[in-house]
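S.K.: Sharing a structure, written as structure tokens. Questions coming.
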Amino acid sequence: MPPQQFGSSDPERRDVELRLSPDELPPAQRPWDQPGHDFDATAAAHLDHAKNALRRTRPDLSAGTPTWRWQKWILLLAFLVFGAAAIFDPHYAIFVLAAVLVFPFFCVVALRAAALWFTAFPSAKQTATVIFETDANLPRYTLLVPLYDEAEIAAELVGALSAIDYPVDKLQILLILEELDIRTRRAVGAMQLPIQMSVVVVPDGSPRTKPRALNYALCRATGDLVVIYDAEDVPEPNQLRRAASLLMANPKLGCVQARLNVLNDSETWLTRQFAIEYTVLFDCILPALERLTLPVPLGGTSNHFSKAALEAVGGWDPFNVTEDADLGIRLARTDWMVQVVNSTTWEEAPATFRSWRNQRTRWLKGWMQTYLVHMRKPLKTARDLGWLRFFGLQILMGGLILSALVHPWFYVVAAMEAVHGPLRSLDHQGLSDAVWVLGIVNLILGYATGVALGWVAVAGRGRQRLAWWAILMPIYWLLISFAAYRALYQLVTTPYSWEKTQHRSRSDFATRPIEESGEESAADLA
């Protein structure tokens with residue numbers, strides 16, 4: 001039996017949920033009971049569009065087929081050639097592999113160094129914004145909020161969304177619930193929702209993924225602007241106003257990405273490392289990509305879109321388990337700009353290894369899907385992006401995946417070097433020494449820039465006590481490598497399985513203040 005997708009981690013609990021009757025739900029969550037509503041016809045049309053629109057119009061951009069035939073043959077051939085070389089002449093095999101990896105790893109180090117430089121010396125360029133004289137001039141905003149197995153935190157979510165500072169008559173908040181998730185539907189149905197909130201129930205089907213649910217709800221969106229929030233999110237109250245002022249000022253700006261950070265950074269060692277990683281990514285790396293005009297892979301939440309841009313690129317790919325990163329690349333390929341806004345959305349970091357492992361596996365599997373999709377027609381991708389941004393895509397996505405897979409083997413090669421000196425034993429001594437030196441330099445600079453960036457990023461958020469934990473980031477990277485190999489296995493066996501990240505009530509863990517934090521990013525304090 002295939003694994004459940006986007007479902008509860010407890011099979012017994014899931015079976016109980018499926019036996020509950022939808023007829024027990026409130027009328028607002030039973031649209032088929034409403035007068036004049038042809039539920040079957042409407043739901044079927046929207047569901048078909050949610051699942052198949054991108055696959056029909058641009059099959060080359062859909063992860064519905066994880067890898068094309070030529071890609072499978074190239075990967076298989078590379079594996080077989082290297083495997084044969086490793087058997088017959090392991091010294092030369094290691095040398096060739098090291099020589100091939102030196103340049104892409106140097107580029108990854110260079111990107112980190114650039115992010116560190118841009119953080120220390122932020123751009124003085126002023127960003128174009130629109131100043132709305134009255135609330136009547138604000139654009140309509142639709143919030144898409146997918147939930148699955150979130151009954152325990154539904155009330156907290158409604159409270160967080162109710163605190164958003166935006167005119168109610170300009171706001172549409174769609175709580176997107178899965179048909180079979182009876183517990184969450186009951187929890188939401190028991191609440192008196194504010195007038196700007198309503199429920200969208202997604203009929204069951206496959207793939208049961210977040211992007212499929214988002215596509216289904218997008219058909220009901222009435223806003224000029226659209227933002228995605230996850231169930232555990234606590235956005236700063238003025239985030240919509242900030243994003244709207246940017247989006248309405250630039251017709252080529254397709255998306256504004258808010259900065260994500262975590263509430264429970266001091267709970268466990270994993271949450272500390274996660275907090276450092278998130279702060280580096282959203283406060284340093286993404287702004288650096290924006291400044292370099294390279295493609296920006298979006299975070300999974302707090303993406304503020306022009307609805308026109310979102311529809312122009314075909315919405316989300318329901319078959320991609322990191323639909324956000326893929327959408328960021330598609331925006332870049334169609335010349336839509338992405339900008340990072342200085343507003344934070346607070347989230348819960350996974351506190352246990354199992355929860356972290358499942359989430360990270362899904363993220364890395366989705367990045368692999370995204371890279372394979374956009375490399376199906378590499379020349380077409382290069383023409384769409386331009387050669388500089390195409391090169392940036394290789395560094396960012398290809399480099400991230402490659403570094404996660406190869407990182408543990410550096411320790412193996414270093415150990416072999418210490419014992420046998422395989423790179424120095426080649427006939428071409430000068431070339432061997434050059435590759436060896438560059439590899440060591442990459443390793444040292446990789447650790448140095450990674451730790452320094454982590455230190456600067458969290459210190460810029462006023463978390464000096466957390467900065468010391470950046471020293472242990474190399475251990476965290478080994479865990480990421482473990483998740484990468486697990487993701488690679490799943491990419492082959494269960495490419496569309498969605499391992500749900502379980503969330504808890506904020507009362508269950510120590511939290512940071514969730515009002516206007518007053519914190520500024522590292523770049524803002526530089």
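The values are calculated or read from the model by the stated rules, or taken from the named source; none is laboratory data. This structure is a prediction, so every number in the text was calculated from the model and none was measured. Glycine also receives a Cβ, built like all others from the backbone with ideal geometry; neighbour counts cover every protein chain displayed. Protein only, heavy atoms only, side chains kept; ligands, DNA and RNA dropped before computing areas. Shrake-Rupley method; radii C 1.70, N 1.55, O 1.52, S 1.80 Å.
S.K.: Enter the angle in degrees (range 0 to 90, nearest 10) between the Cα long axis of helix 399-419 and the first principal axis of the Cα atoms of the chain, meaning the one along which they spread out most.
M.R.: That works out to roughly 30 degrees.
S.K.: Work out how much length residue 169 to residue 379 would gain on full extension: take 0.36 nm times their residue separation and subtract the Cα-Cα distance, in nm to one decimal.
M.R.: 70.9 nm
S.K.: Using a simple spin-label model with points 7 Å from Cα along the Cα→Cβ vector, what separation in nm is obtained for residue 437 and residue 418?
M.R.: So the label points at residue 437 and residue 418 sit 2.3 nm apart.
S.K.: In addition: Over the chain, with every protein chain in place, what whole percent of the accessible area is carbon and sulfur at 1.4 Å, could you tell me?
M.R.: 64
S.K.: Based on the mean of other beta carbon atoms within 10 Å per residue, what is the order of 271-282, 74-85, most packed first?
M.R.: 271-282, 74-85
S.K.: Here's a follow-up. Can you give the extra length, in nm with one decimal, that the chain gains between residue 335 and residue 132 once fully stretched, where that is 0.36 nm per residue apart less the Cα-Cα distance?
M.R.: 70.4 nm
S.K.: So how strong a dipole does the chain carry about its Cα centre when Lys and Arg Cβ are +1 and Asp and Glu Cβ are -1, to the nearest 20 debye?
M.R.: 1420
S.K.: Hey, another quick one. Taking the Cβ-Cβ separation of residue 97 and residue 193 as r and a Förster radius of 56 Å, what is the calculated FRET efficiency to the nearest 0.05?
M.R.: My answer for the efficiency is 0.45.
S.K.: Specify the angular offset, from 0 to 90 degrees and rounded to the nearest 10, of the alpha carbon long axis of helix 429-460 from the longest principal axis of the alpha carbons in the chain.
M.R.: Roughly 30 degrees, rounded to the nearest 10.
S.K.: Over the chain, what is the percentage of antiparallel beta bridges among all DSSP beta bridges, to the nearest 5?
M.R.: Bridges in the chain that DSSP calls antiparallel: roughly 25 percent.
S.K.: Another question, then. How much length is gained if the chain between residue 471 and residue 162 is pulled fully straight, taking 0.36 nm per residue apart and subtracting their Cα-Cα distance, in nm to one decimal?
M.R.: Full-extension gain reported as 107.3 nm.
S.K.: What do the square roots of 5 times the Cα gyration tensor eigenvalues come to for the chain, in whole Å, largest first, as semi-axes of the equivalent ellipsoid?
M.R.: After scaling each eigenvalue by five and taking roots: 40, 27, 23 Å.
S.K.: Continuing with the same structure: State to the nearest 20 debye the size of the charge dipole of the range 188-252 about its Cα centre, where the only charges are +1 on K and R beta carbons and -1 on D and E beta carbons. Provide the component values of the computation, followed by the final result.
M.R.: Numbers: 7 positive and 6 negative charges, 50 e Å.
Computed charge dipole of the range 188-252: roughly 240 debye.
S.K.: Could I ask something else about it? Estimate the FRET efficiency between residue 252 and residue 78 by the formula 1/(1 + (r/R0)^6), using the beta-carbon distance for r and 35 Å for R0, to the nearest 0.05.
M.R.: The computed FRET efficiency comes out at 0.35.
S.K.: Percent relative contact order of the chain, based on C-alpha pairs within less than 8 angstrom and at least six residues apart?
M.R.: Once normalised by length, the contact order is 23 percent.
S.K.: Heavy-atom accessible area per residue, the range 86-150, 1.4 Å probe: how many Å²? Walk me through the numbers before you get to the answer.
M.R.: Values: 3570 Å² over 65 residues.
The answer is 55 Å² per residue.
S.K.: Would you mind working out the accessible area per residue for the range 252-380, using a 1.4 Å probe, and quoting it in Å²?
M.R.: Result: 23 Å² of accessible area for each residue.
S.K.: Could you please put 106, 305 in sequence from largest to smallest accessible area, using a 1.4 Å probe?
M.R.: On the way: 106 100, 305 0 Å².
Largest accessible area first, the list is 106, 305.
S.K.: Quick check: the angle from helix 69-88's long axis to the longest principal axis of the chain, C-alpha only, nearest 10 degrees?
M.R.: Tilt of helix 69-88: around 30 degrees.
S.K.: Positive end of the charge dipole of the range 87-198 (Lys, Arg +1 and Asp, Glu -1 on Cβ, about the Cα centre): tell me which of 175, 164, 139 has its Cα farthest that way.
M.R.: The residue sitting farthest along the positive end of the dipole is 139.
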